[in-house]
Amino acid sequence: MSTQSTLAVDVEKRLGEFNLAVKFESTGNITALFGASGSGKTSIVNMIAGLVTPDRGRIALGDTVLFDNAARVNVPAHKRRIGYVFQEGRLFPHLTVAQNLDYGRWMSGVTADPTERERIVALLNVGHLMTRRPGKLSGGERQRVAFGRALLTKPRLLLLDEPLASLDRARKLEILPYLARLRDEAKVPMIYVSHQAGEIVKLASQVVRIEDGGVLASGGLELLDEERAT
């Protein structure tokens, strides 16, 4: 990840009885937020996306400050140029694949780019699905469309919140090569949330271990050695 896309997070947030206080920098093509369910991973990416407001702290992407409570900066989510793919894709059931792909770009005010659209459609192999609606897609196909919708907003950063969690093993094996292609060809830095070490070692270069609302450690894939051995 270039210095223009380095993500720096230093935030605190109280969520009921749960206290979240994390500080880390993401400098790899894919940085994984790794930890058990309930450790705070999704809350962190929601703050990066602008969907949840920290109580205090600062979030910056390259030279752009997205949030800084001291400076009273809080860029609205739709102006952060951050793509977000959720666990279950969240496609609109009444729209075709083609319409779902274009929806995020349209909502973000991004000008249509037919060449880029064709490239992403080919990258994700969804060209034959364009006239279908989500109800006629497999789980893996729905997630590929969700990746495409996020990429067509021309994001500076892509947030992937356990994008394989709702898929069975066969669909996970189907999707992993597409995620690797996104890493290698789309050239968009990503934050990948997962509690599965096996997924992370196939994709990420940097790991931030989250435990009980804090950063336990930050470094390379060696942080997953214990999980891979079990």
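The values are calculated or read from the model by the stated rules, or taken from the named source; none is laboratory data. What you see is a predicted model, and the numbers here were worked out from it, not measured in a lab. Neighbour counts are summed over all protein chains in view; Cβ atoms, including those assigned to glycine, are modelled from backbone coordinates with ideal geometry.
A few remarks follow.
- Within the range 155-170, being in a loop (DSSP other than H, G, I, E, B) and free of Cβ contacts under 8 Å to residues at least 40 places away in the same chain holds for 164, 167, 168.
- Odd one out for residue 43 among (1) in a loop (DSSP other than H, G, I, E, B); (2) over 23 Å from residue 105 (Cα atoms); (3) modelled with pLDDT of 95 or more; (4) not aromatic (Phe, Trp, Tyr): (1)
- Set 210, 120: member being surrounded by 15 or more Cβ atoms within 10 Å (Cβ to Cβ), farther than 26 Å from residue 93 by Cβ and at pLDDT 90 or above: 210
- Some residue of the range 190-197 being of a type in the set (Gly, Ala, Ser), assigned to a helix (DSSP H, G or I) and under 28 Å from residue 18 (Cα atoms): yes
- Looking only at residues in the range 165-189 that are small (Gly, Ala, Ser) and in contact with a helix residue (DSSP H, G or I) (Cβ under 7 Å, 6 or more places away or on another chain), the one that is nearest to residue 48 (Cα to Cα) is 186.
- Residue count, the range 24-40 (criterion: assigned to a strand (DSSP E or B), surrounded by fewer than 18 Cβ atoms within 10 Å (Cβ to Cβ) and hydroxyl-bearing (Ser, Thr, Tyr)): 0
- A count restricted to the range 132-151 and to residues that are among the aliphatic types (A, V, I, L, M) and over 19 Å from residue 50 (Cβ atoms) stands at 2.
- Residue count, the range 72-117 (criterion: at positive phi and either buried (at least 16 other Cβ atoms within 10 Å of the Cβ) or within 21 Å of the chain's Cα centre (by Cα) (or both)): 4
- Flag if residue 145 is within 30 Å of residue 11 (Cβ to Cβ), under 19 Å from the mean Cα position of the chain (by Cα) and buried (at least 22 other Cβ atoms within 10 Å of the Cβ): no
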